[in-house]
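Participant: Sharing a structure here in structure tokens format.
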Amino acid sequence: MRWGISVMLGAMLTLGSAAALHAQEVTWEDIGPVEGVAERLTLVVGPTASTDTVFVAGGSTDLRRYPPGGPWSEALHGPALPAVDFVVTKEGYYLAESIPMDRSTDGGRTWQRGVYDSNQISCFLQTTLPVFAGAVVACRRIAALLRSDDGGATWATLPITPVSGEGTGSLWDLAEVPVSAALPAGRLLAATSLGVVYSDDGAETWRTSDLWRLGEVWILARQNDPTHPFGGTVYASADAAIVESPPALWASEDGGATWAQRIVFDMPSYGYEGPYPPASVAAGDDGSVWMGLNQL
């Protein structure tokens, strides 16, 4: 199957613009096709527009790159498992496959294979919290964090064990809450198969939030709001706290310590029946919240 990938061109919104995205006049240019399914796109912004590069990770073992004005080319080809996540950091470019993790420092042209290959990786985050000093952290599927302080060349394991002494099951996503008067060191949040845990000391110790043992938490997202006492509302996509476990949206106004269930999605009204796949959530700085429900 061949899929065309399109990029949006047009007027750029300045920070703080109140204009709705759908109100902008934009054009779409087809820069495909790319083999397989385009599951994740990442734009690497260069010093000038002529050096920007788009990467696409698909439902196969390929990572493709699209340099300005050129065709898609193979950036990485793996032997077994599909690409899961791809992140651009200050030090280099990283692709997490299920196993192994691969690293590029030249814009994806060449790759160092297997910089970590002991377990599955499910997410990446380059932190801005002072306690981490710019480290890159990754979710290891069997609940632990990986931390790199040398641009991804080597990784150390940071276990996650809440104060209750329980394990956390699978680890799915990370988010950070910025430094504020309420949280002088900021906070790192982790979404797990048992709920949300958090650390205020650089992952040395962990506490359980009140979104714990209520259902599996898949994705975390935070709105950036400088006027908010905790830097913005944090959202979580999780199973609803009812028997059928349809997707639900939870929100925290205190940096992820306490949560309220905002909405449970009535999936049968959309024509879907359980079991339901994980739902994704994204939060815009304009106050918008976006949910990915099955095929919706």
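The values are calculated or read from the model by the stated rules, or taken from the named source; none is laboratory data. Computed from a predicted structure; not experimentally measured. Virtual Cβ from ideal backbone geometry, glycine too; neighbours counted across all protein chains shown. The area values use the complete protein model at the heavy-atom level, side chains included, leaving out ligands, DNA and RNA. Shrake-Rupley method; radii C 1.70, N 1.55, O 1.52, S 1.80 Å.
Participant: How many of the residues in segment 255-267 are crowded, with 16+ Cβ neighbours inside 10 Å and in a loop (DSSP other than H, G, I, E, B)?
Facilitator: Final tally of qualifying residues: 5.
Participant: For the condition open to solvent by less than 30 Å² (accessible area, probe 1.4 Å), in contact (Cβ under 8 Å) with a residue 40 or more places away in the chain and in contact with a helix residue (DSSP H, G or I) (Cβ under 8 Å, 6 or more places away or on another chain), what is the one hit in 186, 152?
Facilitator: Unique residue meeting the criteria: 186.
Participant: Give the residues of segment 128-148 that are under 22 Å from residue 184 (Cβ atoms) and free of Cβ contacts under 8 Å to residues at least 40 places away in the same chain, sorted by residue number.
Facilitator: 133, 135
Condition check ((1) open to solvent by 70 Å² or more (accessible area, probe 1.4 Å); (2) among the charged types (D, E, K, R); (3) assigned to a strand (DSSP E or B)) across all residues:
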site	(1), (2), (3)
219	no, no, yes
232	no, no, no
238	no, no, yes
245	no, no, no
249	no, no, yes
269	yes, no, no
272	no, no, no
281	no, no, yes
290	yes, no, yes
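Participant: Considering only residues that are at pLDDT below 75 and surrounded by fewer than 17 Cβ atoms within 10 Å (Cβ to Cβ), which ones fall in segment 62-89?
Facilitator: 77, 79, 80, 81, 82
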